[in-house]
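In what follows, a single structure is set out as structure tokens and then discussed.
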Amino acid sequence: MKIAEKIFVAVRIIIGIFLVVSGYEKLISPLQNFLYVVQSYELGNASLEALTVQVIPWVELFLGIFLVLGLWLPLVLRCSWVLVLSFILIVAQALVRKLPIDECGCFGELLHIPPKIIVVFDTTLLILTTLLIIFVQKTSRFSLDRYYLNRK
Amino acid sequence: MSKKNKNSGACKPKISKLGATALVVILGVLSVYAGRFIVKHNREKISAQGEKARAKGNPRADFKIVEYIDFQCPACAKGSKIIRDYVAQYPTRIYVEMKYFPLSQMHKFALLACQYAQCAARQDKFWPMHDALIDDQSIWDRMLNAETMFREMAGKIGLDKAALDACLADKETEKVILSMKEHGKSLGVQSTPTYFVNGKMSVGIKSLQAELEKYFGPVKSPTPPVVSTTAASPVPSTPKSAPEPLHLLQTPARQ
């Protein structure tokens with residue numbers, strides 16, 4: 001395996017682990033903590049906030065697991081790209097509106113990252129995810145997708 | 001497995017891609033529920049060993065709030081004022097326990113404010129100190145050294161200066177505060193203000209207000225801050241405001 005392929009696989013797995021950790025931490029913690037984070041971004045009505053709190057951690061968890069395992073990669077990478085882009089937009093609007101948010105709340109209690117830094121972090125993730133989508137053949141080494149493709 | 005199957009099955013995976021997907025989903029869901037069970041199990045064990053906190057209101061009230069606050073957090077100040085308004089309006093219907101959760105990495109005076117409040121508690125003047133800290137938070141929050149203002153507050157509410165100094169120097173004071181914070185963490189508290197309304201966790205004032213309004217309706221008229229020089233009574237004997245509506249007295253406790 002070429003070094004470029006190794007890097008693509010490593011990046012895919014690292015992004016997957018980030019998503020798994022982020023989603024899992026929110027899911028096993030009281031959901032009210034994540035609700036508070038969502039409320040602080042002042043996005044919309046209460047039912048939308050409640051729905052976000054229920055859905056997003058599961059989406060993060062499964063996108064992360066599928067990325068690590070390399071299952072349904074083209075679809076999962078695109079969904080991850082949309083998810084990361086939506087995170088960037090949500091944090092950016094909070095920064096523009098100067099909402100009093102000290103930390104993004106993205107990783108629950110595990111990591112405390114200020115909104116400005118998380119925008120940079122998420123933008124990096126977005127660029128990397130874009131590259132993974134473009135070079136999906138290299139990304140899919142050491143993946144279940146490749147395994148199933150080779151076994152057909 | 002037969003020889004024929006071995007030869008043909010060597011190139012075929014044992015489960016289909018959809019089957020693998022379903023397996024991953026099932027394992028993922030199970031791991032989350034297992035994690036939740038473990039966390040909840042530990043949490044329940046620890047919460048049963050809860051420490052006695054500063055309290056006001058009617059201990060037999062059907063609406064009990066345990067609040068974890070940081071005196072330097074603006075939302076906590078707002079939340080405390082909301083609770084104060086409701087307690088003033090429904091003194092026999094609400095019981096409030098206050099616990100410290102100083103976020104020292106974000107707020108440099110958070111721990112010191114808790115120490116002053118805790119020392120005031122030792123002299124049975126916790127609530128006057130609490131109210132003073134909350135009401136003037138926007139002022140001392142911006143000071144280079146908030147301690148001068150804390151001392152002024154202590155003087156105004158009539159704390160014994162020598163006892164206060166001894167208490168502030170006592171390592172036990174800080175220990176009590178930090179153990180309360182640790183207890184909060186073990187309950188799942190991550191940020192302030194966090195409330196437990198009849199045992200149900202609510203984080204932030206929006207959720208608190210929703211709980212209060214669901215139970216009591218909107219508060220009728222905000223009360224001015226209570227700056228008292230006497231000790232706060234843990235159980236108010238008589239309502240300070242208008243009598244409570246009968247339908248509220250008949251409302252069952254929410255769990």
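The values are calculated or read from the model by the stated rules, or taken from the named source; none is laboratory data. These numbers come from a predicted model, not from an experiment. Every residue, glycine as well, gets a Cβ built from its backbone with ideal geometry; the counts of neighbours run over all protein chains shown. Ligands, DNA and RNA are stripped out before the accessible areas are found, and what is left, the full protein with its side chains, is counted by its heavy atoms. Shrake-Rupley method; radii C 1.70, N 1.55, O 1.52, S 1.80 Å.
Can you tell me which residues in region B:174-211 are more than 11 Å from chain A (Cβ to nearest Cβ) and aliphatic (A, V, I, L, M)?
If the condition is that a residue be more than 11 Å from chain A (Cβ to nearest Cβ) and aliphatic (A, V, I, L, M), then B:VAL176, B:ILE177, B:LEU178, B:MET180 are the ones that fit.
Yes/no per residue for (1) within 12 Å of another protein chain (Cβ to nearest Cβ); (2) surrounded by fewer than 17 Cβ atoms within 10 Å (Cβ to Cβ); (3) part of a helix (DSSP H, G or I):
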site: A:LYS6; (1), (2), (3): no, yes, yes
site: A:PHE18; (1), (2), (3): no, no, yes
site: A:LEU27; (1), (2), (3): yes, no, yes
site: A:PHE34; (1), (2), (3): yes, no, yes
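Looking at the structure I just gave you, is B:ASP131 surrounded by fewer than 20 Cβ atoms within 10 Å (Cβ to Cβ) and either more than 18 Å from B:GLU174 (Cβ to Cβ) or in contact (Cβ under 8 Å) with a residue 24 or more places away in the chain (or both)?
No.
If B:VAL219 meets every condition in (1) modelled with pLDDT of 90 or more; (2) farther than 28 Å from B:ASN42 by Cα; (3) of a type in the set (A, V, I, L, M) apart from one, which number is that one?
All conditions pass for B:VAL219, except number (1).
Residue by residue, here is whether (1) open to solvent by 90 Å² or more (accessible area, probe 1.4 Å); (2) within 11 Å of chain A (Cβ to nearest Cβ); (3) modelled with pLDDT of 60 or more holds:
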residue	(1), (2), (3)
B:LYS4	yes, no, no
B:LEU18	yes, yes, yes
B:GLY28	no, yes, yes
B:SER31	no, yes, yes
B:ILE38	yes, yes, yes
B:ARG43	no, yes, yes
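Which members of region B:52-74 meet the condition of being within 13 Å of the chain's Cα centre (by Cα) and modelled with pLDDT of 90 or more?
B:LYS64, B:ILE65, B:VAL66, B:GLU67, B:TYR68, B:ILE69, B:ASP70, B:PHE71, B:CYS73
Quick one: is A:LEU99 surrounded by fewer than 18 Cβ atoms within 10 Å (Cβ to Cβ), within 14 Å of another protein chain (Cβ to nearest Cβ) and closer than 23 Å to B:VAL29 by Cα?
The answer is no for A:LEU99.
Yes/no matrix, rows are residues, columns are (1) part of a loop (DSSP other than H, G, I, E, B); (2) at pLDDT below 90; (3) touching a Phe, Trp or Tyr at 6+ places or on another chain (Cβ under 8 Å):
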position: A:LEU95; (1), (2), (3): no, no, no
position: A:PRO100; (1), (2), (3): yes, yes, no
position: A:CYS104; (1), (2), (3): yes, yes, no
position: A:GLY108; (1), (2), (3): yes, yes, yes
position: A:HIS112; (1), (2), (3): yes, yes, no
position: A:LEU125; (1), (2), (3): no, no, yes
position: A:THR129; (1), (2), (3): no, no, yes
position: A:ILE133; (1), (2), (3): no, no, yes
position: A:ASP145; (1), (2), (3): no, no, yes
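Being closer than 17 Å to A:SER80 by Cα and open to solvent by less than 70 Å² (accessible area, probe 1.4 Å) is the filter here, so list the residues in region A:132-144 that pass it.
Hits for region A:132-144 are A:LEU132, A:ILE133, A:VAL136, A:THR139, A:SER140, A:SER143.
Identify all residues within region A:37-59 that are surrounded by 14 or more Cβ atoms within 10 Å (Cβ to Cβ), touching a residue at least 40 places away in the same chain (Cβ under 8 Å) and away from chain B (no Cβ under 11 Å); write none if there are none.
Result: A:TYR41, single match.
Taking A:LEU85 as the residue in question, decide whether it is touching a residue at least 12 places away in the same chain (Cβ under 8 Å), open to solvent by 40 Å² or more (accessible area, probe 1.4 Å), among the hydrophobic types (A, V, I, L, M, F, W, C) and within 12 Å of another protein chain (Cβ to nearest Cβ).
So A:LEU85 fails the test.
Being assigned to a helix (DSSP H, G or I), surrounded by 16 or more Cβ atoms within 10 Å (Cβ to Cβ) and not β-branched (Val, Ile, Thr): is that true of B:MET98 here?
Spelling it out, it is not the case that B:MET98 is assigned to a helix (DSSP H, G or I), surrounded by 16 or more Cβ atoms within 10 Å (Cβ to Cβ) and not β-branched (Val, Ile, Thr).
What are the residues in region B:139-190 that are open to solvent by 60 Å² or more (accessible area, probe 1.4 Å), within 30 Å of A:PHE34 (Cβ to Cβ) and among the aliphatic types (A, V, I, L, M), if any?
Once the filter is applied, which keeps residues that are open to solvent by 60 Å² or more (accessible area, probe 1.4 Å), within 30 Å of A:PHE34 (Cβ to Cβ) and among the aliphatic types (A, V, I, L, M), region B:139-190 yields only B:LEU178.
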